Amino acid sequence: MSFDTVLVANRGEIALRVIRACKALGLRSVAVFSEADRGASYLALADEAVCIGPAPARASYLDGQAVLMAALATGAQAIHPGYGFLAENGDFAEAIEQAGLQFIGPTAEVIRLMGDKITAKAAMKQAGVPCVPGSDGALPDDPAACAALAERIGYPIIVKAAGGGGGRGMRMVRSADELATAVATTREEARRAFNNPELYMEKFLEHPRHVEIQVLCDHHGNAVWLGERDCSVQRRHQKVIEEAPAPGIPREAVAALGERCAAACRAIGYRGAGTFEFLYEDGVFAFIEMNTRVQVEHPVTELTTGIDIVREQISVAQGNKLSFTQADIQRAGHSIELRINAEDPFTSIPSPGHVAVWHAPGGPGLRVDSHMVSGAEVPPHYDSLIAKIIAHAPTREACLDRLLGALRELRVEGITVNADLHRLVLSDHAFRQGGVTIHYLEKRLEAER
Ligand code: ADP
């Protein structure tokens, strides 16, 4: 479908990222904002900006009807959802298509299929993608039947919400006597947070790494994979540092997995950008979920492949074929991203407020994706991510040093950011060696206490 104006249904750094991609393609962009973001400087970079409601996300960025109205009122024919908010909401994608506009992403049907982690795992299993062993379906109401499932999988297990996201709605269970309570608590949480009480069970892996595959597909059946990212440095199941390539994993194993992901995309009629997330333990990859949108950590893939993922995402939504084939994709060097959050580095307590001074680092091999400027406000209502510092260098070692240099240059006054957490990790022996597991950061912080 052809379009010349894109509404950017998001805020902050990703809104700015999408506005830039629109400019690169010669498209008009329409930004939306809540009352809390009224003064944000990136809004001026869009061709037009529209207020869609009050500060609480529920009444603005999560209000699909308000976003759709803004698109219709400004003549936007396409909507880019960014990540978070409405990005993986099948009903929103459907409403946009029904209004005759283009949703920049997969079809509503595919979003729903992959948004429910139970159906996603079933679809991936069928497509030949290796999955974490588990309940293969929703947990039954009968506690005895649940207990039998857990026995079969073998403790420890993890109870997860089918509609879960953002690291919430998950509970590890070590033994049979904890199971019933864990299931009941997680079900209640899932009902409240995701409006979907359905749960499933998986083997809890004790020392995996989080490794994911980036894919990109057009509307003509072409699907490619752009390499992997290692996102094992996490806290409360939330990513903190991401890198490409994943240190120490054989290239052939990654390539074989990438091919399977691309084949799975063709099998389910996937289109746009997407990510298959895996746990990697003892040389084995096991699928946990798919994200049907652009991810926070996409820049490390962009820097190692030279491909502009967001631009390509918009281009395929216009009906264009992918501008390259799998054979054209070359990967070079190493890239690492630091998520700069407005929060205390060690307690993670949010630190919103007035940013008196913002000075971003720069120099060769450094990219900063951020909507911050001196005088900006960080509202308390949204995610605390305010910037991403991304380095690219021929070697991982050089990349790490570049990031340490960048942190020395970064100046933020007025709010607290998590720079000290990054300093600690970047200087840590285990992390510098590469290949840490998903439990590394929490254990490292415990040792610090
Ligand atoms: P979300 O959608 O909330 O991000 P995921 O299913 O992607 O949830 O899991 C998030 C993180 O939780 C993973 O990166 C990993 O650290 C941990 N996790 C998920 N499943 C398992 C498992 N079976 N064993 C161990 N850790 C897990």
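The values are calculated or read from the model by the stated rules, or taken from the named source; none is laboratory data. As the structure is a computational prediction, the values presented were derived from the model and not from experiment. Positions of Cβ are backbone-derived with ideal geometry, glycine not excepted, and every protein chain shown enters the neighbour counts. Surface accessibility is based on the protein's heavy atoms, side chains included, excluding ligands, DNA and RNA. Shrake-Rupley method; radii C 1.70, N 1.55, O 1.52, S 1.80 Å.
Only one of these is closer than 21 Å to Cys131 by Cβ, open to solvent by 50 Å² or more (accessible area, probe 1.4 Å) and either in contact (Cβ under 8 Å) with a residue 24 or more places away in the chain or in contact with an Asp or Glu (Cβ under 6 Å, 6 or more places away or on another chain) (or both): Glu198, Glu202. Name it.
Details: Glu202 fails: open to solvent by 50 Å² or more (accessible area, probe 1.4 Å).
The unique qualifying residue is Glu198.
Suppose we keep only residues that are under 14 Å from the mean Cα position of the chain (by Cα) and open to solvent by 30 Å² or more (accessible area, probe 1.4 Å) within the stretch 280-298. Which one would you say is farthest from the ligand (Cβ to nearest atom)?
Of all residues in the stretch 280-298, those under 14 Å from the mean Cα position of the chain (by Cα) come to 288-298.
Then drop every residue that is not open to solvent by 30 Å² or more (accessible area, probe 1.4 Å), which leaves 289, 293.
Values: Glu289: 4, Arg293: 12 Å.
So the residue we want is Arg293.
So, of the residues in the stretch 33-47 that are among the small types (Gly, Ala, Ser) and more than 25 Å from the chain's Cα centre (by Cα), which turns out to be surrounded by the fewest Cβ atoms within 10 Å (Cβ to Cβ)?
Residues of the stretch 33-47 that are among the small types (Gly, Ala, Ser), as a first pass: 34, 36, 39-41, 44, 46.
Adding the requirement that they be more than 25 Å from the chain's Cα centre (by Cα) leaves 39, 44.
Numbers: Gly39: 10, Ala44: 8.
Among them, the one singled out is Ala44.
Screening Val18, Val50 for residues that are β-branched (Val, Ile, Thr) and open to solvent by less than 10 Å² (accessible area, probe 1.4 Å) leaves exactly one candidate, Val18. Do any residues in the stretch 225-250 that are among the aromatic types (Phe, Trp, Tyr) have Cβ atoms under 6 Å from those of residues that are within 16 Å of the ligand (Cβ to nearest atom) and open to solvent by 20 Å² or more (accessible area, probe 1.4 Å), where the two are at least six apart or on different chains, and which pairs are they? Taking only residues 6 or more apart or on different chains, not a single pair turns up. Taken over the stretch 307-359, the criterion of being over 23 Å from the mean Cα position of the chain (by Cα), under 24 Å from Gly39 (Cβ atoms) and open to solvent by 40 Å² or more (accessible area, probe 1.4 Å) is satisfied by His354, Ala356, His359. Going by the structure shown, is Thr107 under 18 Å from Gly90 (Cβ atoms), hydroxyl-bearing (Ser, Thr, Tyr) and in contact (Cβ under 8 Å) with a residue 12 or more places away in the chain? For Thr107, the condition - under 18 Å from Gly90 (Cβ atoms), hydroxyl-bearing (Ser, Thr, Tyr) and in contact (Cβ under 8 Å) with a residue 12 or more places away in the chain - is met.
May I ask you to say which residue of Leu86, Leu62, Leu68 is among the hydrophobic types (A, V, I, L, M, F, W, C) and open to solvent by 30 Å² or more (accessible area, probe 1.4 Å)?
Only one candidate qualifies: Leu62.
Out of curiosity, is Arg367 among the basic types (Lys, Arg) and more than 22 Å from the chain's Cα centre (by Cα)? Judged against the criteria, Arg367 is not a match.
Quick one: would you say Met114 is within 13 Å of the ligand (Cβ to nearest atom), under 19 Å from Ala317 (Cβ atoms) and open to solvent by less than 20 Å² (accessible area, probe 1.4 Å)? Taking the combined requirement at face value, the residue satisfies it. Among the residues of the stretch 173-194, are any within 16 Å of the ligand (Cβ to nearest atom), of a type in the set (Phe, Trp, Tyr) and crowded, with 16+ Cβ neighbours inside 10 Å? Yes, the conditions are met somewhere in the stretch 173-194.
Scan the stretch 154-172 for residues that are within 11 Å of the ligand (Cβ to nearest atom), closer than 16 Å to Glu206 by Cβ and open to solvent by less than 50 Å² (accessible area, probe 1.4 Å) and report the count. Residues meeting the conditions: 4.
What are the residues in the stretch 129-150 that are of a type outside the set (A, V, I, L, M, F, W, C), away from the ligand (no atom under 12 Å from the Cβ) and open to solvent by less than 30 Å² (accessible area, probe 1.4 Å), if any?
Quick first cut of the stretch 129-150, residues of a type outside the set (A, V, I, L, M, F, W, C) only: 130, 133-137, 140-143.
Retained after the next criterion (residues that are away from the ligand (no atom under 12 Å from the Cβ)): 130, 136-137, 140-143.
Of everything in the stretch 129-150, just one residue is of a type outside the set (A, V, I, L, M, F, W, C), away from the ligand (no atom under 12 Å from the Cβ) and open to solvent by less than 30 Å² (accessible area, probe 1.4 Å), namely Gly137.
Asp91 meets all of the listed conditions (1) open to solvent by less than 30 Å² (accessible area, probe 1.4 Å); (2) in a helix (DSSP H, G or I) but one, namely (1). Residues in the stretch 426-449 that are more than 16 Å from the ligand (Cβ to nearest atom), open to solvent by less than 30 Å² (accessible area, probe 1.4 Å) and under 17 Å from Ser348 (Cβ atoms): there are none.
Of all the numbered requirements in (1) out of contact with any helix residue (DSSP H, G or I) (no Cβ under 7 Å at 6 or more places or on another chain); (2) open to solvent by less than 30 Å² (accessible area, probe 1.4 Å); (3) farther than 30 Å from Arg260 by Cβ, Gly362 misses one, and that requirement is (2).
What residue, of Arg229, Arg209, is near the ligand (Cβ under 10 Å from one of its atoms), open to solvent by less than 60 Å² (accessible area, probe 1.4 Å) and among the charged types (D, E, K, R)?
Details: Arg229 fails: near the ligand (Cβ under 10 Å from one of its atoms).
Just one listed residue meets the conditions, Arg209.
Scanning the stretch 229-278 for residues that are in a strand (DSSP E or B) and among the acidic types (Asp, Glu) returns Asp230, Glu242, Glu243, Glu277.
Hand me the list of helices (runs of 4 or more DSSP H) wholly inside the stretch 366-449 holding 2 or more residues that are within 17 Å of Val233 (Cβ to Cβ) and modelled with pLDDT under 95. If you could, list the steps in order and put the result at the bottom.
Working: elements: 396-409, 419-426, 429-433, 440-448.
It comes to 440-448.
Of Gly100, Gly84, all but one fail to be more than 20 Å from the chain's Cα centre (by Cα) and not in a helix (DSSP H, G or I); the exception is Gly100.
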